[in-house]
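Presented below is the structure to which this report refers.
The values are calculated or read from the model by the stated rules, or taken from the named source; none is laboratory data. Being a predicted model, the structure only gives us computed values, none of them experimental. Reconstructed Cβ throughout: ideal geometry from the backbone, glycine too, with neighbour counts over all protein chains shown.
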Amino acid sequence: MKFAIIGLGRMGRRHVQVALNLGFEVVGVYDLFQGAIDETLKEFPALAGKVFSSAEELLEHSGAQLLTVSTTAPSHAEFVCKAAETGFRYILCEKPLAVSLVEADAMVAACAKHGVQLAVNHQMQFMEQYTKIREMIGSGKFGPLRSITVHASNFGLAMNAVHYFEMFRYVTGESLASVQCWVDNEKVPNPRGPQYSDYSGQLRGLSASGVRFNLEAGGDLGHGIQVIYGCRNGQIIVDELAGSVRTIRRKTEFSELPTTRYGMPAEEAIFSIAPADVLEPTASVWRAMLAGENFPDGNIGRHALSVLVAAYVSGETNAAFTPVDDSLPKQKTFSWA
């Protein structure tokens, strides 16, 4: 199948590699900045004749059926909607899906109108650090999952925390229904330019059934991502960057005792999983979308975006309790990259 891409930054070049790994025919590439094009051609010299002079020319004349939009977020809506109108059949858009909820709704609607499959590159359902954990929780050996705590670093709410909003949905089977967010006084500088900004800070969220989500991503933290899955009878602790897992749970004969008996004899295990990767999970998103299987579609991306909007609303109103619902400001535009 013929593939094209708009946006050739570091992540964009990884998308090109994914397309080649999948056997797609790359027929068009474009970036606004010549430096990004030069870096792409240095890495993939065979694409020298595939560079278009504008995004519009690529969308109208590349002849591709598949498109990745890997630009910064302010142009996502424009390119996705135009691609839907000009005959692309499958579109993979980077996160965050858009810079406003009204744009996200327009993207989903345009793709639905033209029969286009829209995916967002939230890859959690294809990453062992989440699939394995969901399988372990589903076994019942740890008891019901009651909380997820992400102790991260200064990785930005829009840049990275948005992935964990989708992780929560995938692992728990529930969406976050409300959030409170405490943002740091200074926003996170973005290497893509001073026009982009993001918050660091802390967030607490709840699902409708009361499963808790806690995020620590303070601006004064500079290394690591640890995730603790708290179940009634044990914990699963994952070092996502190192690819290591430690589990501890009550022995079966003590599983029905009250939670106040938190020091009962336990079984422990330590094992490894695949460290966080980009290429293969992204390829899996494409495979699932093309096969008509379950994949992170526009509605899933829109939900993660709505949690992000709620986090910003809360953070800018003294950590006010903020529902993730239709009361969120749909027209408000954010300066995310």
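Is there a residue being of a type in the set (S, T, N, Q), in a loop (DSSP other than H, G, I, E, B) and surrounded by 18 or more Cβ atoms within 10 Å (Cβ to Cβ) anywhere in segment 177-190? Give the steps one after another, and end with the answer.
Here is the first cut: in segment 177-190, the residues of a type in the set (S, T, N, Q) are 178, 180, 185, 190.
With the extra rule that they be in a loop (DSSP other than H, G, I, E, B), the set shrinks to 185, 190.
Next, from what is left, pick out any that are surrounded by 18 or more Cβ atoms within 10 Å (Cβ to Cβ): 190.
Checked segment 177-190: at least one residue is of a type in the set (S, T, N, Q), in a loop (DSSP other than H, G, I, E, B) and surrounded by 18 or more Cβ atoms within 10 Å (Cβ to Cβ).
Does residue 110 fit the bill of being out of contact with any strand residue (DSSP E or B) (no Cβ under 9 Å at 6 or more places or on another chain), small (Gly, Ala, Ser) and under 30 Å from residue 207 (Cα atoms)?
Numbers: out of contact with any strand residue (DSSP E or B) (no Cβ under 9 Å at 6 or more places or on another chain): no; small (Gly, Ala, Ser): yes; under 30 Å from residue 207 (Cα atoms): yes.
When the stated conditions are applied, residue 110 does not pass them.
Consider residue 287 against the criteria (1) in contact with a Phe, Trp or Tyr (Cβ under 9 Å, 6 or more places away or on another chain); (2) without any contact (Cβ under 8 Å) to a residue 40 or more places away in the chain: it satisfies all of them except one. Which criterion is unmet?
Only one criterion in (1) in contact with a Phe, Trp or Tyr (Cβ under 9 Å, 6 or more places away or on another chain); (2) without any contact (Cβ under 8 Å) to a residue 40 or more places away in the chain is unmet by residue 287, namely (2).
Please list, ordered by residue number, the strands (runs of 3 or more DSSP E) wholly in segment 19-132 having 1 or more residues that are among the acidic types (Asp, Glu).
Numbers: elements: 25-30, 66-69, 90-93, 117-120.
The qualifying strands (runs of 3 or more DSSP E) are 25-30.
Looking at (1) surrounded by 13 or more Cβ atoms within 10 Å (Cβ to Cβ); (2) touching a strand residue (DSSP E or B) at 6+ places or on another chain (Cβ under 8 Å), which is the only condition residue 268 fails?
(1)
Would you check which residues across segment 7-18 are assigned to a helix (DSSP H, G or I), in contact (Cβ under 8 Å) with a residue 12 or more places away in the chain and not small (Gly, Ala, Ser) and list them? Steps first, answer last, please.
At the first step, the residues of segment 7-18 found to be assigned to a helix (DSSP H, G or I) are 10-18.
Filter once more, so that each one left must be in contact (Cβ under 8 Å) with a residue 12 or more places away in the chain: 11-18.
Across segment 7-18, the qualifying residues are 11, 13, 14, 15, 16, 17, 18.
In segment 92-138, how many residues are more than 18 Å from the chain's Cα centre (by Cα) and in the same structural domain as residue 69 (by TED's automatic domain parsing)?
Counting residues in segment 92-138 that are more than 18 Å from the chain's Cα centre (by Cα) and in the same structural domain as residue 69 (by TED's automatic domain parsing) gives 10.
Looking only at segment 133-153, decide whether some residue is within 24 Å of residue 184 (Cα to Cα), at pLDDT 95 or above, of a type outside the set (A, V, I, L, M, F, W, C) and touching an Asp or Glu at 6+ places or on another chain (Cβ under 7 Å).
Kept after step one, since they are within 24 Å of residue 184 (Cα to Cα), are these residues of segment 133-153: 147-153.
With the extra rule that they be at pLDDT 95 or above, the set shrinks to 147-153.
With the extra rule that they be of a type outside the set (A, V, I, L, M, F, W, C), the set shrinks to 147, 149, 151, 153.
Checking the rest, the ones that are also touching an Asp or Glu at 6+ places or on another chain (Cβ under 7 Å) come to 151.
Yes: one or more hits.
Would you check if residue 159 is aliphatic (A, V, I, L, M), under 16 Å from residue 307 (Cβ atoms), modelled with pLDDT of 95 or more and within 14 Å of the chain's Cα centre (by Cα)? So that I can check it myself, show each step before the final result.
Details: aliphatic (A, V, I, L, M): yes; under 16 Å from residue 307 (Cβ atoms): yes; modelled with pLDDT of 95 or more: yes; within 14 Å of the chain's Cα centre (by Cα): yes.
When the stated conditions are applied, residue 159 passes them.
Going residue by residue through segment 277-299, is there one that turns out to be at pLDDT below 95 and within 20 Å of the chain's Cα centre (by Cα)? So that I can check it myself, show each step before the final result.
First pass over segment 277-299, keeping only residues at pLDDT below 95: 277-278.
Still in the running and within 20 Å of the chain's Cα centre (by Cα): 277-278.
Looking through segment 277-299, at least one residue is at pLDDT below 95 and within 20 Å of the chain's Cα centre (by Cα).
What pairs come up if the first residue lies in segment 318-337 and is closer than 20 Å to residue 196 by Cβ, the second is among the basic types (Lys, Arg) and assigned to a loop (DSSP other than H, G, I, E, B), and their beta carbons are under 8 Å apart, counting only those six or more places apart or on different chains?
Partner pairs satisfying both residue conditions: 337/192.
Restricting to segment 106-147, give me the number of residues that are under 27 Å from residue 73 (Cα atoms), crowded, with 16+ Cβ neighbours inside 10 Å and in contact with a helix residue (DSSP H, G or I) (Cβ under 7 Å, 6 or more places away or on another chain).
Matching residues across segment 106-147 total 18.
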